[in-house]
Amino acid sequence: MFKKMFGKKSVEEQLVAPLNGKVVPLDEVDDPVFSQRMMGDGVAIEPTDGKVVSPVSGEIVQIFPTNHAVGVKTKSGVEVLVHIGLETVAMEGEGFEGHVKQGDKVEAGDHLITFDPELVKEKAKSTITPVIITNFDDIVENFDPSYSDAASAGQTNIVTLQTK
C-alpha cells in the first residue's frame, strides 16, 4: 500500500530499433551471456548497415572505450545496453567510431556509433547486436517484444515495457 502511495509510478517505455535490420529473440544469439539472459532480457538485431542510434531518450551512462557497446538510461531508470556484434571487444575499437560520450543527453533516434559491418563479419564472431535491459529484474513489470524482418533505426518499435 505504501509503495503505491509514495513509490515510483509505473511508466510505459518504448524502445525503437537502434539499427536497420531483422529483430529476433535473444534465444537466437549464439552467446550464452545473451541467450541465457545473464545480463538481462531484450531482443537482438541482425543489422543491415553500420549506423547505431539510441533506442530510447535518456543519458549515456556508458560508452565502452572500444565503441562496440553503449548504455543509455531513461528518466524512469530503465538501463538499455546496445552491444554491437559478438566478441567484438577483441577488435579493440577497430572499425568502430563513437559519436557520444558519457553524460550526454540523447533522444531516441540520435546517432551513437558508426561501425564497419564487413570488418565485424571478418574479425568477430557475428554482427548480431543484442539490445538488453540490464536492470530488467529490478525495474520491468511487463515486457512485450516486437519482432520484425525489416526494422528501421530510430523508427520501428521493438519493445514496449511497463516499469514496476
Handout entry: Most mobile of GLY21, GLY109, GLY77 in a GNM of the chain (Cα contacts under 10 Å)
Key = GLY77
Practice task
Within the set of other residues whose C-beta is less than 14 Å from the C-beta of GLU87, count the net charge using Lys and Arg as +1 and Asp and Glu as -1.
Solution key: -2
Exercise for the section: Quote the Stokes-Einstein diffusion coefficient, in whole µm² s⁻¹, for segment 74-164, based on the Kirkwood radius over alpha carbon pairs, a temperature of 37 °C and a viscosity of 0.692 mPa s. Expected result: 219
Exercise for the section: Calculate the dipole size of segment 59-164 relative to its Cα centre from +1 charges on Lys and Arg beta carbons and -1 charges on Asp and Glu beta carbons; express the result in debye to the nearest 20. Expected result: 160
Problem - Whole-Hz couplings from phi, Karplus 6.51/-1.76/1.60, listed for segment 33-42; x for Gly and Pro - result: 4, 8, 5, 8, 6, 5, 9, x, 9, x
Handout entry: Residues of segment 1-91: accessible area per residue with a 1.4 Å probe, Å²
Key = 48
Exercise for the section: Take every Cα pair under 8 Å in the chain that's 6+ residues apart, average their separations, divide by the length, and report that relative contact order as a whole percent. Expected result: 34
Handout entry: Over the chain: helical MRE at 222 nm, DSSP H runs n ≥ 4 each giving -39500 (n - 2.57), nearest 500
Key = -2500 deg cm²/dmol
Fill in the blank from the handout: Given unit charges at Cβ for Lys, Arg (+) and Asp, Glu (-), the dipole magnitude of segment 1-132 about its Cα centre in debye, nearest 20, is 820
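The values are calculated or read from the model by the stated rules, or taken from the named source; none is laboratory data. Predicted, not measured: the structure shown is a model, and the values here were computed from it. Cβ sites come from the backbone with ideal geometry, for glycine too, and all protein chains shown count toward neighbours. Surface accessibility is based on the protein's heavy atoms, side chains included, excluding ligands, DNA and RNA. Shrake-Rupley method; radii C 1.70, N 1.55, O 1.52, S 1.80 Å.
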